[in-house]
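For reference, the structure discussed in these notes is given below.
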Amino acid sequence: MKTIIPAPENQPWIEKLHIESSLLKHNRAGEDHIRPLTIYMPQAAHDKSRRFPVLYCLAPWTNAGRSQFDWQPFKESLFDRLTRLIDQGQIPPCIVVSPDLYTSFGGSQYINSDFLGPHGDHLVHELIPFVEENFPVQPGAAYRGVFGRSSGGFGALRLAMAYPGTFASVACHSGDMGFDAVYRRDLIDLCNGLKRYNGDIQAYIDECRQAVKVSGRDVHLLMLLGMSATYSPDLHNPDGFQIPIDLRTGVVDEQVWQQWLGHDPVHLIEKSDHQDALRQLACLYIECGNRDQYNLHYGARQFTDKLSQNGISHHYFEFDDNHSGTSYRYDVSLPLMLSAMEQGKPL
């Protein structure tokens, strides 16, 4: 099941393969447990005697690991960005692994869900050992980093908090946090969008999955349902999850909403075990555009204020841009991450 895209000698290349997950098998959502895996190999990896630090790149919502290195119009691809940063000496040669946990709702938050499956456990307990056994990476947490944008940034931060001692460096670019400002105001969209389905959520999902074209509005509604599948799974519910709003009255179900807030980094950072997990990092990088259209800069400010209040070392950057197309900011985060990993101590 492994396909290698050959590269000219002395050039970086991409390897594409699949990993079969026993942990994701039989998930209630019926998502495939055989997952694509895409890996960037630096030019220096042609030398079979060398081993390299490894970064795990988590895709944002409505994206997937298999497309992270692709060419993009008017942008520098991640493949070209990594190659340039290495050639310029801004980062050392490294291997970058892009796992693919894309779901039929439109993406992944990279945490465990009783409905979608244990995405976090899969990454930590299956993927990392697989990579360290089959690729020339330096083994151990001191040589591992994880980064991503949006949902990928959320996932990177949550992995660091939930699995202490797994990564040395973490970069959260415009990650989901401050849920009251991000999601709560949009819940009424579910009421309006699902009105003609008379509360039959599965009928709506089935129609979207069979459609020849999914509208932007439906992408948004599927995202909210995907967040419900992630944050408020309920295997006793026919849908497999609960939504945090009454579709008829538009009244927020505060009990379900509290389940969502239980996954919000702004709330999780109040817990001492999560604080201790972040203190272990050699580099914790948080950033957000100051015009983020999902209001994530407010959550980032709240989160980093709490980091400072609890004496947790971190980098925080707020830059003049919105949420979209900000992968150019990897030019800032990746050198900091890899430098900290080389030094083995917080910057």
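On the given criteria, is residue 93 within 24 Å of residue 144 (Cβ to Cβ) and of a type outside the set (S, T, N, Q)? Judged against the criteria, residue 93 is a match.
Which members of the stretch 192-201 meet the condition of being of a type outside the set (Lys, Arg) and more than 14 Å from residue 223 (Cα to Cα)?
192, 197, 198, 199, 200, listed by residue number.
The residues on offer are 299, 325, and the sole one that is assigned by TED's automatic domain parsing to the domain that holds residue 74 and at positive phi is 325.
For the stretch 131-141, a residue qualifies if it is buried (at least 16 other Cβ atoms within 10 Å of the Cβ) and outside any loop (DSSP other than H, G, I, E, B), and the qualifying residues are 131, 132, 137, 141.
Helices (runs of 4 or more DSSP H) fully within the stretch 154-264 that include at least 1 residues being surrounded by 14 or more Cβ atoms within 10 Å (Cβ to Cβ), acidic (Asp, Glu) and on the phi > 0 side of the Ramachandran plot: none found. Checking 292, 331, 305 one by one, the residue that is free of Cβ contacts under 8 Å to residues at least 24 places away in the same chain and in the same structural domain as residue 90 (by TED's automatic domain parsing) is 305 and no other.
Restricting attention to the stretch 1-55 and to residues that are modelled with pLDDT under 95 and among the aliphatic types (A, V, I, L, M), the residue that is surrounded by the fewest Cβ atoms within 10 Å (Cβ to Cβ) turns out to be 1. If you go through the stretch 79-102 and pick out every residue that is surrounded by fewer than 22 Cβ atoms within 10 Å (Cβ to Cβ) and either touching a residue at least 40 places away in the same chain (Cβ under 8 Å) or not assigned by TED's automatic domain parsing to the domain that holds residue 31 (or both), you end up with 10. Across the stretch 265-274, the number of residues qualifying as farther than 16 Å from residue 172 by Cα and crowded, with 17+ Cβ neighbours inside 10 Å comes to 1. Kindly list, by first and then second residue, each pair from a residue in the stretch 191-206 that is under 17 Å from residue 244 (Cβ atoms) and not assigned by TED's automatic domain parsing to the domain that holds residue 106 to a residue that is assigned to a helix (DSSP H, G or I) and of a type in the set (D, E, K, R), limited to pairs with Cβ atoms under 7 Å and residues at least 6 apart or on different chains. Within 7 Å, the pairs are 193/217. Between 39, 91, 14, 34, the distinction of being more than 21 Å from the chain's Cα centre (by Cα) and among the β-branched types (Val, Ile, Thr) belongs to 91 only. For the stretch 71-103, a residue qualifies if it is at negative phi, assigned to a loop (DSSP other than H, G, I, E, B), out of contact with any strand residue (DSSP E or B) (no Cβ under 7 Å at 6 or more places or on another chain) and at pLDDT 95 or above, and the qualifying residues are 76, 77, 88, 90, 91, 92, 102, 103.
Among the residues of the stretch 107-116, the one identified as more than 20 Å from residue 157 (Cβ to Cβ) and either surrounded by 24 or more Cβ atoms within 10 Å (Cβ to Cβ) or touching a helix residue (DSSP H, G or I) at 6+ places or on another chain (Cβ under 7 Å) (or both) is 115.
The values are calculated or read from the model by the stated rules, or taken from the named source; none is laboratory data. Bear in mind that the values here come from a model prediction, so they are computed numbers and not experimental data. When we count neighbours, we look across all protein chains shown, and the Cβ atoms used for this are built from the backbone with ideal geometry, even at glycine.
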